Structures are given as C-alpha cells and as structure tokens.
1. Residue by residue through the stretch A:33-50, what is 3J(HN,Hα) from phi via Karplus (6.51 cos²θ - 1.76 cosθ + 1.60, θ = phi - 60°)? Round to whole Hz and write x for glycine and proline.
2. Given labels modelled 7 Å from the Cα in the Cβ direction, how far is it in nm from B:GLU151 to A:GLU52?
3. Rounded to two decimals, what is Rg over Rh for chain B when you use alpha-carbon atoms and the Kirkwood radius?
4. Ordered by packing density, taken as the mean number of other Cβ atoms within 10 Å over each peptide's residues, highest first, how do B:109-117, A:27-35 rank?
5. Pairwise over distinct Cα atoms, reciprocal of the mean inverse distance: report the Kirkwood radius of the protein assembly as shown in Å, one decimal place.
6. Within 10 Å of each Cβ of B:136-146, how many other protein chain Cβ atoms are there on average?
7. Count, for each residue of B:22-30, the Cβ atoms from other chains sitting within 10 Å of its Cβ, then give me the mean as a whole number.
8. Can you say what percent of the DSSP beta bridges in chain B, counting only those with both residues inside, are antiparallel? Round to 5.
Amino acid sequence: MDTGNDLDPIALSQFPETDVTGDIDLSLIDYNLSLSPAERIRQHLEFAQFVEVVRRAGAKHYGVDARTSEETE
Amino acid sequence: MAWTLELLKRLNDFGIEYAIVGGVAGVAHGSARSTNDVDICTSLDEPHLSKLLLALKNINPKLRMRPDRMRLPDDPARLQGVRNLYLITDLGQIDIRGELPGVGSFDDLKNRTIELDLGGVNCRVLDLDTLIVAKRAAGRRKDLVDIAEYEAIRQRRSAGP
C-alpha cells in the first residue's frame, strides 16, 4: 500500500531552494532551464500580459497610475 | 486570456477563496519591479484542500520543489499537514501559501485585502500595509528592496496628487 511517504509535508512546505543570499529561487531556474528558449520567452510574455492586467486594475482602484502619476477613469 | 488569469478564474470557478500576495500584489499597488510567478494565500486545510486539488487536476500540476517534478497527488490525505505548495502547471507557475509569515492564515488576512476586477476575474489582493508587514517578516535582501519601494508608494499616496 502506498503510504505517501514520498511526500514529506515539512520538506514540501519549506521555501524553494535558494542561493546563499536567499534571493535566487534555484528551483525556478532549474525549471526555466528545462524549457527551450522559445518556451521561456512565451512564458515570460504570457506572464507580462497578466502583470499588465493587474497593474491596470490597481491603477483603476486607486484612480491613478503610480508609474505615470496620470489619473485613470 | 493570459494563462495566469485562466488559472485564477479556475480557482474562482471551483469556489476557492484566496488572496494574491507577493510581487504581483505589489504591482497592483504601483510597484514597477518585475516578478515571474504568482503567489496566493489560501487555506490548505480540509475541505478547501480537496477543492483546490480538483481545480488543479486537469492542468497537470507538478511539485516544483521535487527534483523529479512529481505530479501533485489527487488524494488530499497524501498532503495532510502541508503548509505551502510550489507548483508548475500547464497555465504557469503558482506558489500557494497556507500561511503568510508575519500575517497568518488566509482567515487572518482576508479582511486586509482589496478587491480587483482583473478583466472579468475578481480577486482579492493583499493590501499595501499588510504586504509590507509580510515582506518585513520574510526579510530576504530582495524583500528589503521591495519594502523600500512599497513604503515610497505609500508615502506618495498619502501625500496625494
């Protein structure tokens, strides 16, 4: 019977492996390196599209775009 | 629709309550710094965990923390006690936090959020003051840079136009 011992909740809950500064998520780098350059760029552009939607929603919420200081509708 | 929005819409469709935290929340408040993945905080206790696993089931979720990139199990009993899930899915990367250091669980932070309409996908986003508290608790070098920017945003907002 599979007891699920391959999934240690404590190990899974720790922050992903980082470099010595703690700033660089090495598991994310490993994943990115597993992709082709075209796949990396596609993922980046997809995420940038999402971030732009979030930025616009935030600007609408506050009534001003913090990057340009222009008022939004 | 961007993949990440599809992912968040999927969570909404399955009735999962969550808040966007981390760098994407910073963008909503005016941050100009870039980020590469989305972090959310939600309950990882039952029955929420089961609903979350159902929502993720058809988008090929894999555990980013494991070198073998094992598929996220469908059985919630196998994830009992887990506090965070760092995932790669067909709709992009997502870090799922059961609690946020310095702030607490989703129940602790859900009233410290703003609600945004992300192109038809409604999401809670951690408010700026609480985001600063969370970044301070995380305390990495990059968090200190984020805090400096968020405090500048807060100062400019309180100063008014």
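1. Per residue, the Karplus-derived 3J(HN,Hα) values read 6, 7, 8, 6, x, 5, 5, 4, 5, 4, 4, 4, 5, 4, 5, 4, 4, 5 Hz.
2. According to this spin-label approximation, the distance is 3.3 nm.
3. Numbers: Rg = 15.8 Å, Rh = 16.3 Å.
Answer for chain B: 0.97.
4. Details: B:109-117: 16.6, A:27-35: 14.8.
Final packing ranking: B:109-117, A:27-35.
5. Details: mean 1/r = 0.0546 Å⁻¹.
Answer for the protein assembly as shown: a Kirkwood hydrodynamic radius of 18.3 Å.
6. Values: counts 0, 0, 2, 1, 6, 3, 4, 2, 1, 1, 0.
Mean shielding count: 2.
7. Values: counts 0, 1, 6, 2, 2, 10, 11, 7, 9.
Partner-chain Cβ atoms within 10 Å, mean over residues of B:22-30: 5.
8. 80 percent
Rule-based calculations on the coordinates, nothing more; no lab input. Being a predicted model, the structure only gives us computed values, none of them experimental. Reconstructed Cβ throughout: ideal geometry from the backbone, glycine too, with neighbour counts over all protein chains shown.
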